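Note sheet for the following structure.
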Amino acid sequence: MKVLVFIKRVPDTAAVIKPSQDGKDINRSDIPFIINPYDEFAIEEAIRLKESKGAETVVLSVGDEDVKENLRRALAMGIDRAILVKHPSYWNLNPAQIGYIVSEVAKREKADIIFTGKLTIDDYTYAIAPYIAEALGYSLVTYATKIDYLNGKVRVERETDLGSEVWEADLPVVISAERGLNEPRLPNMKGIMMAKKKEIEEIEIEIPNFNYSIETFTPPPPRKGVKFLNSVDEIIKVLKEEVKIL
């Protein structure tokens, strides 16, 4: 069994994001970057499948030299191999293009299971897993919170707005990981040292032109000051006279 995990490099959730001077991107020079947090659930699930079923695990990302830092973290956690599809401005690629890239690598690797995070926190894209599955003709299960690996198929518990569902899907399959699927491990010193020695395979893929353009980035408006109310009467007065909902 071979497992492919797609990860994305995103700004740290604690970073202060500011528009670039031309207003068409964010200023990337002074902010820390991390692995997309939902992708870490995908990494952990692949490693557990390696430990329990002997699966071969491969981590894939798209980007420039900086992305190798994130790939090495996945290797340090316990992934076997890493692949970088080189692209100088990966943040401009849309989900259809990313889905195409992952599907092309998956064909080459003959992956049985492809894991992604349920969304990417920089642009809140939920679409990558569906695009991958559509490109490959694979089964798809999203928002996984529990996975049982059966003979030639998976049984997946997934979260929805109406509660939990249980789905069964045949292999090969694409699964997007939701919070609660597992608890991602921290790399230990041995893993970090081994990851430094591992080669990261670099490849180039001709990407279809599904382009769209971002016209402008603008920061959100400043928040209004906080007003403390000391009594129920004051709350009612504000709701009537200022908010005007009573």
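The values are calculated or read from the model by the stated rules, or taken from the named source; none is laboratory data. Bear in mind the structure is a predicted one, so any value in this text is a computation, not a measurement. Virtual Cβ from ideal backbone geometry, glycine too; neighbours counted across all protein chains shown.
Worth pointing out:
- Members of the stretch 201-215 that are modelled with pLDDT under 80 and farther than 16 Å from Pro95 by Cβ: Glu215
- Pick from the stretch 70-81, criterion in contact with a strand residue (DSSP E or B) (Cβ under 8 Å, 6 or more places away or on another chain) and under 21 Å from Asp12 (Cβ atoms), ranking: surrounded by the most Cβ atoms within 10 Å (Cβ to Cβ): Ala74
- Residues in the stretch 7-40 that are of a type outside the set (A, V, I, L, M), farther than 18 Å from Ala76 by Cβ, assigned to a strand (DSSP E or B) and in contact with a Ser or Thr (Cβ under 7 Å, 6 or more places away or on another chain): Pro19 only.
- Filter result (at pLDDT 95 or above and either of a type in the set (Phe, Trp, Tyr) or under 23 Å from Pro95 (Cβ atoms) (or both)) within the stretch 45-66: Glu45, Ala46, Val58, Val59, Leu60, Ser61, Val62
- Taking the stretch 41-69 as the range and being assigned to a helix (DSSP H, G or I) and either basic (Lys, Arg) or touching a His at 6+ places or on another chain (Cβ under 7 Å) (or both) as the test, the residues that pass are Arg48, Lys50, Lys53, Lys68.
- Screening Arg155, Arg179, Arg185 for residues that are under 14 Å from the mean Cα position of the chain (by Cα), basic (Lys, Arg) and more than 20 Å from Ile83 (Cα to Cα) leaves exactly one candidate, Arg179.
- Scope the stretch 207-246; condition β-branched (Val, Ile, Thr), free of Cβ contacts under 8 Å to residues at least 60 places away in the same chain and surrounded by 11 or more Cβ atoms within 10 Å (Cβ to Cβ); matching residues: Ile235, Ile236, Val238
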